[in-house]
Amino acid sequence: MVRRTDTRRRMLESAAELFQTQGYHATGLTQLVAAGGAPKGSLYFHFPGGKEQLAAEAVQLSSSRVADALTAAVTAAPDPASAISAVVDALATSLISSDFQRGCPLATVALEADSEPLRSACETGYADWHTRLVSYFTDQGLPSDRATSLATVVLASIEGALLFAKTRRDVTPLRDIAAHLHTTVSREFS
C-alpha cells in the first residue's frame, strides 16, 4: 500500500511540474508516466479519470503550495505593501531559478482548460489565493469591499506581470508591478 501511495505521489508531483512548464496539451501520457517513475499502465490505476484527473489533482497540489507560500509571505511581512512585494520577489526568484520555465502553476493549464474538471480546478485555485488575500487585507483593517477589490487588482496584476516576464525572459515586468502595487497597497492602508 505504501508503494502505491508513493507511486501516485511521484506521478502527481512530476505532473504538476510538467503541466506548469509545458501545459496540458503538450504533456503526453507516456511522458507523465515516465517522469513519475511509474510502470506503464499505472496512470489509469492511480487516476481512473486518466490525464484529465491527474491534471486536475496536479493543479490542486500546485495551487495549494502557492497558497501556503502566499500565506507565509504575507504573515512574515511587517506591513501589507511589504507583503505583496515579498510575494512578487519570490515569484521573480522562482522564474529566474527555473530559467523562465515555471510561471504560474495555474495559468498554463487555465489557458488550455477545455474541460470542466480542469477549469474548475483552476477556478478553485485562483479563488483560494483571492480569499487568502482578502482575509489578510481585512485582518489588517481594510473594509471587506475594499479588501476584495484590492485582492483582485493584486492577483490580476501579478498574474499578468508573471506571464509577461516569462514570455520576455526578463523579470522587469514583475519588478515594475511590484513597485506600483507597493504604492497602491500603501495608499489603501494609510
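Bear in mind these aren't lab numbers, they're just calculated from the coordinates by the rules spelled out. All values derive from a computational prediction rather than experimental measurement. All Cβ positions, even for glycine, are placed from backbone atoms using ideal geometry, and neighbour counts span all protein chains on display.
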Q | Overall dimensions of the chain by Cα: Rg and Dmax, Å | A | 17.8, 58
Q. About its Cα centre, what dipole magnitude does the chain give when the only charges are +1 on Lys and Arg Cβ and -1 on Asp and Glu Cβ, stated in debye to the nearest 20?
A. 580 debye
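Run the helix sum for the chain: -39,500 (n - 2.57) per DSSP H stretch of 4+ residues, divided by residue count, reported at 222 nm to the nearest 500 deg cm²/dmol.
Roughly -26000 deg cm²/dmol at 222 nm, from the helical runs in the chain.
Would you please put 141-152, 60-71 in order of how densely packed they are, using the mean number of other Cβ atoms within 10 angstrom per residue and starting with the highest? Write down the numbers at each step before the final one.
Values: 141-152: 15.5, 60-71: 17.3.
Descending packing order for the listed peptides: 60-71, 141-152.
Among all helices in the chain defined by DSSP H, which have a length of 27 Å or more along the axis from Cα atoms plus a Kyte-Doolittle mean of at least 0.5?
Working: long enough: 2-22 (29 Å, -1.09); 50-76 (39 Å, 0.31); 116-139 (33 Å, -0.61); 144-168 (35 Å, 0.60).
Qualifying helices: 144-168.
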Q.
Calculate the FRET efficiency for residue 189 and residue 97 from the Cβ-Cβ distance with a Förster distance of 41 Å, rounded to the nearest 0.05.
A. 0.85
Q: Would you grab the residues whose amide H sits under 5 Å from the one on residue 24? Only those 5+ places off in sequence or on another chain, please, with H modelled 1.01 Å from N.
A: none
